[in-house]
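Remarks on the structure that follows.
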Amino acid sequence: FIEGNKIETISRNAFRGLRDLTHLSLANNHLKALPRDVFSDLDSLIELDLRGNKFECDCKAKWLFLWLKMTNSTVSDVLCIGPAEYQDKKLNDVTSFDNECTTTDFVVHQILPYQSVSVDTFNSKNDVFVAIAQPSMENCMVLEWDHIEMNFRSYDNITGQSIVGCKAILVGDQVFVVVAQLFGGSHIYKYDESWTKFVKFQDIEVSRISKPNDIELFEIDSEMFFVIADSSKAGLSTVYKWNNKGFYSYQSLHEWFRDTDAEFLDIDGKSHLILSSRSQVPIILQWNKVSKKFVPHSEIPNMEDVLAVKSFRMQDNLYLTLTRFIGDSRVMKWNNKQFVEIQALPSRGAMTLQPFSFKNNYYLALGSDYTFSQIYQWDGEKKIFRLFKEIYVQAPRSFTAVSTDRRDFFFASSFKGNTQIFEHIIIDLS
């Protein structure tokens, strides 16, 4: 019985080894917190009296909150003095500490000693793969997640000329990779089980795809398509369709516009493509169910010089990010009639603004050629993205989220330095 002794603090090891102690009273002291697991050795404890103390029911009390729910001992009410919303309430009545007592971080997990411009991820036979475009090494490097070593290891290598994009397409149990090249034409490779490697499957017409800049995969009415955005005046952004034997050119979207990016998205239940271009504002194409082709629908006004458009959904709302090398990049939200701006992000020198999410945490990765890359996190109360962390990546060209083994990563490709893999971790502040 250690009652009424004006005790303010107790050391973590105060009750170490007291496995036969059955009754403990710390009543009527000046305790506001208890060290984590201070009662862990009290195997025989029957009754614990904490009356007359008022605890700070913040993250430091999270362990006690959980222990009270698990212990077989009889424990007096634990009253809270703070925070304000819990004042004079019982600790047991606190709903949860999960949101308040956890934060996140990104830490370097693995460094790949080569440059890259794009990363794509795909799952096949319960394994996780990534395909990395390496123009300087003239490779499309395919990596596999190693469940034992807990890192990404080399799996296959597709060679080519100035590869700027590798996009995986899964059709049934078949795995294809579209390899977009600046020279020598673009090609499609297929994984051959007998050779245990990717082999060339078909060529893509050089007359249409002259300077590929982005590959976007999508599905409409259970049919598989992909589109290549072509940034050359001589090329055509082209939609390709799977016909059970191969991919054939299905629709040329428009010419002479130097398209830099294509984004497929569902707007109010209808399929759309957004094309961004260095020579005009982003245009929105809508899928016509009668002609089964994309037709011009609208545009995103007052947004010249957009390098890329990415879409994401958050809490049933549709958003866009628009990357601009000169001027501010933008975050926009669909209001059931049009996309309206909700936030501008300073982005001089930006080549990519990528949305991604892990475990209900929503982020934007903004890569810049002139300064540190910035990661923004969504603030649910303010309804905007706030700067969360800065990372150093030389000339970043893409950020790609990859999840495996209950672990979350994102790849940061670099045009002038090493490709970095960051792991998203949850930190328990209690």
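Brief remarks on what is shown
- Residue check: Glu47 meets all listed conditions (1) open to solvent by 70 Å² or more (accessible area, probe 1.4 Å); (2) within 42 Å of the chain's Cα centre (by Cα) but one, namely (2).
- Extreme residue, surrounded by the most Cβ atoms within 10 Å (Cβ to Cβ), among residues of the range 206-240 that are free of Cβ contacts under 8 Å to residues at least 24 places away in the same chain and not polar (S, T, N, Q): Val206
- Ile132 within 24 Å of Asp369 (Cβ to Cβ), assigned by the TED database to the domain that holds Trp242 and modelled with pLDDT of 95 or more: yes
- The residues in the range 364-401 that are under 20 Å from Thr103 (Cα atoms) and in a strand (DSSP E or B) can be counted, and the count is 17.
- Just one residue in the set Phe39, Phe15 is without any contact (Cβ under 8 Å) to a residue 40 or more places away in the chain, touching an Asp or Glu at 6+ places or on another chain (Cβ under 8 Å), under 18 Å from Leu64 (Cα atoms) and surrounded by 15 or more Cβ atoms within 10 Å (Cβ to Cβ); that residue is Phe15.
- Test: residue in the range 241-248 that is touching a strand residue (DSSP E or B) at 6+ places or on another chain (Cβ under 6 Å), open to solvent by less than 40 Å² (accessible area, probe 1.4 Å), outside any strand (DSSP E or B) and closer than 24 Å to Ser279 by Cα: no
- Residue in the range 50-69 that is part of a strand (DSSP E or B) and under 30 Å from Ala412 (Cβ atoms) present: no
The values are calculated or read from the model by the stated rules, or taken from the named source; none is laboratory data. Just so it is clear, the structure is predicted and the values come from calculations on it, not from any experiment. In this analysis, Cβ positions are derived from the backbone assuming ideal geometry, glycine residues included, and neighbour counts consider all displayed protein chains. We work out accessible area using only protein heavy atoms, side chains counted, and drop any ligands, DNA or RNA first. Shrake-Rupley method; radii C 1.70, N 1.55, O 1.52, S 1.80 Å.
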